[in-house]
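The next block holds one structure in the form of structure tokens; read it before the comments.
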Amino acid sequence: MMHNRFMNPTADLIVIGELPQLRLIAWNRDPHDAITGEEAFDLYERNWRFVDQDALEPRERALLDRLVRQYGHGILHV
């Protein structure tokens, strides 16, 4: 499992405000809130039409790739 500074390695929590595209699609949540990887995956999947794929930073892309493998079994249903 990949651990980055925006994730809590013990709980696999992701801070919304530390990932620009996630913050964009979770606009109605506090950017300081931490959500699970599964919640983040669900947000990306449900709101993919609002994600600027060209603006995804490498660290956010890497996280998204991991979430797709882990929760989407390799598929992002968009």
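The values are calculated or read from the model by the stated rules, or taken from the named source; none is laboratory data. Bear in mind that the values here come from a model prediction, so they are computed numbers and not experimental data. So basically every Cβ, Gly included, is an ideal-geometry build from the backbone, and we count neighbours across all protein chains shown. Each accessible area value is taken on the protein alone, full model and side chains, heavy atoms only, with ligands, DNA and RNA left out. Shrake-Rupley method; radii C 1.70, N 1.55, O 1.52, S 1.80 Å.
Output the number of residues of the stretch 49-78 satisfying the condition of being within 19 Å of residue 20 (Cα to Cα) and open to solvent by 100 Å² or more (accessible area, probe 1.4 Å). Count: 4. Restricting attention to the stretch 1-21, which residues are at pLDDT below 95 and in a strand (DSSP E or B)? 7, 8, listed by residue number. The C-beta contact set for the stretch 46-70 (first residue free of Cβ contacts under 8 Å to residues at least 40 places away in the same chain and in a helix (DSSP H, G or I), second residue of a type in the set (A, V, I, L, M) and surrounded by fewer than 14 Cβ atoms within 10 Å (Cβ to Cβ), distance under 6 angstrom, 6+ apart or interchain) comprises 48/78.
The residues of the stretch 22-55 that are within 14 Å of residue 65 (Cα to Cα) and either modelled with pLDDT under 95 or not aliphatic (A, V, I, L, M) (or both), listed by number, are 37, 38, 41, 42, 44, 45, 48, 53.
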